[in-house]
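Some notes on the structure that comes next.
Derivation of every value follows stated rules applied to the coordinates shown; laboratory data play no part. Predicted model, so just to flag it, every value in this text is computed and none were measured. Cβ atoms come from the backbone with ideal geometry, glycine included; neighbour counts cover every protein chain shown.
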Amino acid sequence: MMFFRNITIGQYIYRDSIIHKLDPRVKIITVILIITTIFLVNSWTGFFIIGFYLFINISLAKVHPKFVLKGIKPLLFIISFTLLIHFFTTPGDIIYRIWILNITREGIHRGLFISVRLFYLILSTSWLTLTTSPIALTDGIEKLLSFLKIIRVPAHEIAMMMTIALRFIPTLMEETEKIIKAQIARGADFESGNLVKRIQNFLPIIIPLFINAFHRADDLAIAMEARCYRGGEGRTHYRQLSINSIDHVFIIITLFILIVSYLWVV
Amino acid sequence: MFIHLKDVSYTYNLNMPFETVALKGINLKVNRGEFIGIIGHTGCGKTTLLQLLNGLIEPTKGQIFIENIDIHKNKKKLKEIRKKIGLSFQYPENQFFEENIFKEIAFGPKNMGVAEEQLVQSVKKSLQMVDMDYQSFKDRSPFSLSGGEMRRVAIASILAIDPEVIILDEPTASLDPQSCSKLLSVIVDLYQKYHKTIIMVSHNMEIMAKLARRIIVMEKGEIIMDDTPRNIFQKSIDRLEDIGLSLPQVTYTMYKLKKIGKPVSSGILTVEEAKEEILKLVNENKK
Ligand SMILES: Nc1ncnc2c1ncn2[C@@H]1O[C@H](COP(=O)(O)OP(=O)(O)O)[C@@H](O)[C@H]1O
Ligand SMILES: [Mg+2]
């Protein structure tokens with residue numbers, strides 16, 4: 001019954017570290033910068049520098065590498081798949097031949113590049129979610145999006161929806177598991193039968209799940225209204241975000257390293 | 001002996017950063033015809049224990065025998081186990097999904113391979129066991145019922161599998177007093193009239209003192225007491241107080257009387273017994 005137990009993406013782990021104390025906006029922007037750079041960099045030295053930078057960031061966060069690597073596991077398949085596709089489909093100098101498949105020097109090169117990029121992409125987003133609480137994350141996103149309010153993008157509402165969704169993911173998972181167990185206790189079988197049968201078998205899970213979720217949404221809406229929630233206009237925050245000197249230093253170092261990694265071509 | 005847990009431990013998310021030890025070193029034997037009450041604080045592992053009893057989760061250590069067969073040695077047998085041991089989760093009405101009560105209750109037996117012709121019989125019988133009328137309820141939506149009725153239909157949906165053992169996780173949780181006593185009389189019937197073995201979790205000590213023949217007290221994933229209600233509420237009052245569990249009110253009152261030196265016997269479980277004792281005390285004083 002270990003259906004949902006291995007999901008660690010989006011998991012926040014509290015530690016008393018410099019990285020945890022950084023302003024969420026700084027961390028979000030950092031991740032965006034890293035991702036942009038990853039796709040611009042075109043040399044192994046550049047990748048090495050970024051890798052080293054990520055390694056330092058994760059160490060500073062005092063989060064065990066185990067957690068970070070866990071996030072990569074489910075995507076290992078996609079990474080290896082991309083790697084193989086590139087090996088065999090890129091035209092260029094043939095260095096090895098299996099039956100009708102040709103492995104080219106360019107293919108190896110490109111495949112490895114893409115894999116490393118995906119790997120860094122996951123590393124950096126895990127780094128963000130592991131060290132930033134969902135609340136801080138949505139606060140940060142709201143603030144970052146607030147300039148869009150001018151063109152009527154409802155930044156606050158988007159952030160509120162994200163907060164609620166994030167808040168209810170664990171609840172829904174717990175509930176799904178409970179419902180699955182309860183239906184198994186009534187003899188339900190989720191493992192055998194053909195496709196149609198299997199889809200039918202999921203109705204006893206999906207229907208109660210939806211009914212309960214709607215009830216919960218209803219309750220939540222009433223509870224919010226009872227406390228006079230009226231959207232973002234003029235709303236203040238209990239926790240004020242503030243950028244201080246550590247944030248400045250961090251972003252400057254980050255920018256410096258990323259620019260170096262991009263420009264460094266040996 | 002029917003169910004036997006041998007040195008069973010269970011840890012959620014084993015080897016993961018958030019692992020929780022829910023049960024450790026549980027030894028438990030359950031015979032046919034027992035009425036067992038399980039008490040303990042929230043989070044002490046009661047629900048986990050119940051799930052182990054019918055093979056929904058596999059112990060991380062130790063073995064579970066049902067009729068002397070290690071149930072996790074042969075996974076194909078698990079469905080048979082669940083047919084013998086019915087488990088009704090807390091708030092079982094949250095698992096309703098069918099359009100009418102007939103289909104809802106027939107879900108279990110259908111899964112267990114009961115033939116179509118016999119489903120009517122099976123649904124009828126289980127509704128009768130929870131004291132509900134087949135004709136007037138069978139076509140109604142399970143979602144249209146009152147809280148107490150929903151609970152009874154949910155229990156009927158377990159009874160329809162015709163299990164020998166009924167496990168109930170906090171069956172009276174958040175019911176109004178009337179529905180609660182109705183449900184309790186149903187449970188008493190299951191035990192006395194239909195000869196089911198009952199294992200039940202409840203926070204209500206009055207209920208436990210009155211109904212259960214054997215009480216298991218759990219704390220922090222361990223069984224710390226396992227005895228008759230009388231013995232538990234007689235000998236272990238201080239221990240129960242220490243871990244913050246309440247006593248039935250009459251038991252507590254009599255206990256306090258005894259503590260201030262009145263010659264009453266301890267371990268009183270019901271109001272009737274208390275009445276006798278107090279009358280005796282009053283008469284004594286008159287003399
Ligand atoms: N699905 C689960 N995943 C992780 N931990 C759980 C899960 N269910 C229960 N636990 C933990 O196991 C312990 C025992 O829980 P439970 O058996 O539900 O206790 P009780 O029913 O006595 O309140 C608690 O610490 C609880 O947090
Ligand atoms: Mg429980």
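Every helix of 4 or more DSSP H residues in the protein assembly as shown counts as -39500 (n - 2.57), and over all residues that averages to -17500 deg cm²/dmol at 222 nm. Here the contact order of chain B, divided by its residue count and restricted to Cα pairs under 8 Å and six or more residues apart, works out to 21 percent. Note on chain A: Kirkwood radius taken over Cα pairs, Stokes-Einstein applied at 25 °C and 0.890 mPa s, translational D equal to 111 µm² s⁻¹. When the trypsin sites (Lys or Arg not before Pro) in segment B:209-259 are filtered for DSSP coil states and for at most 11 other beta-carbon atoms within 10 Å of their beta-carbon, no site remains.
Applied to segment A:67-75, the Karplus parametrisation 6.51 cos²θ - 1.76 cosθ + 1.60 on θ = phi - 60° returns per-residue 3J(HN,Hα) values of 5, 5, 5, 4, x, 7, 3, x, 9 Hz, with x for Gly and Pro.
Taking chymotrypsin sites (Phe, Trp or Tyr not before Pro) in DSSP loop states with no more than 12 other Cβ atoms inside 10 Å as exposed sites, chain A has its longest site-free stretch at A:100-228. From most to least packed by mean Cβ count within 10 Å, the peptides B:81-89, A:131-139 give B:81-89, A:131-139.
Counted over segment B:3-247, the DSSP beta bridges are approximately 50% antiparallel. When the charge dipole of chain A is built from unit charges on Cβ atoms (+1 for Lys and Arg, -1 for Asp and Glu) and taken about the Cα centre, the candidate among A:T129, A:G111, A:A223 whose Cα reaches farthest toward its positive end is A:G111.
Look at the stretch A:174-185: the mean tally of other chain Cβ atoms within 10 Å of its residues' Cβ atoms is 5.
Averaged over peptide B:88-99, the number of partner chain Cβ atoms lying within 10 Å of each residue's Cβ comes to 5. Couplings 3J(HN,Hα) of segment B:214-222, computed from phi: 8, 10, 10, 9, 10, 8, 6, x, 10 Hz, in residue order, whole Hz [Karplus 6.51 cos²θ - 1.76 cosθ + 1.60, θ = phi - 60°; x for Gly and Pro]. Dividing the mean sequence gap of close Cα pairs (under 8 Å, 6+ apart) by how many residues segment A:1-160 holds gives a relative contact order of 32 percent.
Relative to the dominant Cα principal axis of chain B, helix B:177-192 is inclined by about 80°. Counting only Cα atoms, segment B:248-287 measures 31, 21, 11 Å along its principal axes, largest extent leading. For segment A:130-170 and segment A:191-210, what is the centre-to-centre distance using only Cα atoms, to the nearest Å? Distance between centres, Cα-based: 34 Å.
Relative to the longest principal axis of chain B, what angle (0 to 90°, nearest 10) does the C-alpha long axis of helix B:147-159 take? Helix B:147-159 sits at roughly 60 degrees to that axis.
I'd like the trypsin sites (Lys or Arg not before Pro) in segment A:133-177 restricted to DSSP loop residues with at most 12 other Cβ atoms within 10 Å, sorted by number.
On the way: sites: A:K143, A:K149, A:R152, A:R167; in loops: A:R152.
Sparse-neighbourhood loop trypsin sites (Lys or Arg not before Pro): A:R152.
Is there a pair in B:K83/B:K210; B:K83/B:K138; B:K6/B:K79; B:K46/B:K79 whose C-alpha atoms are over 32 Å apart, and which pairs would that be? In this structure, no pair lies more than 32 Å apart at Cα. Per the Debye calculation on segment A:15-79 with a single equal scatterer at every Cα and no solvent contribution, log₁₀ I(q)/I(0) for q = 0.17, 0.23, 0.29 Å⁻¹ amounts to -0.77, -1.22, -1.23. By the rule of a C-alpha distance below 20 Å, with chain neighbours fewer than 8 residues away ignored, the aspartates and glutamates paired with B:K275 are B:E206, B:E284. Axis of helix B:271-286 versus longest Cα principal axis of chain B: the two differ by about 10°, to the nearest ten degrees.
How much of the pair distance distribution for the protein assembly as shown lies past 38 Å, counting alpha-carbon pairs only, in percent? Counting every Cα pair in the protein assembly as shown, those more than 38 Å apart make up 50 percent. For segment A:2-263, compute the number of Lys pairs whose alpha carbons are separated by less than 20 Å, excluding pairs fewer than 8 positions apart on the same chain. Summing the qualifying lysine pairs gives 6. Filter the cross-link list B:K77/B:K182; B:K73/B:K220; B:K76/B:K103 down to pairs whose alpha-carbon distance in this structure exceeds 30 Å. Over 30 Å apart, Cα to Cα: B:K77/B:K182. A quarter of the convex hull surface defined by the alpha-carbon atoms of segment B:3-247 gives 13.9 nm² as the mean projection. Phi-derived couplings, Karplus 6.51 cos²θ - 1.76 cosθ + 1.60 at θ = phi - 60°, listed residue by residue for segment A:47-62: 4, 4, 4, 5, x, 5, 4, 4, 4, 4, 4, 5, 5, 4, 6, 6 Hz, with x used for Gly and Pro.
Between the amide H of B:L87 and those of B:I167, distances stay under 5 Å, these residues lying 5 or more places away or on another chain, with hydrogens modeled in the peptide plane. Between B:I224 and B:V217, B:M218, B:E219, the built amide H atoms are under 5 Å apart, and every one of these is 5 or more places off in sequence or on another chain.
Find the percent of Cα-Cα distances in segment B:135-209 that exceed 20 Å, and round it to a whole number. Counting pairs separated by more than 20 Å, the tail of P(r) holds 31 percent.
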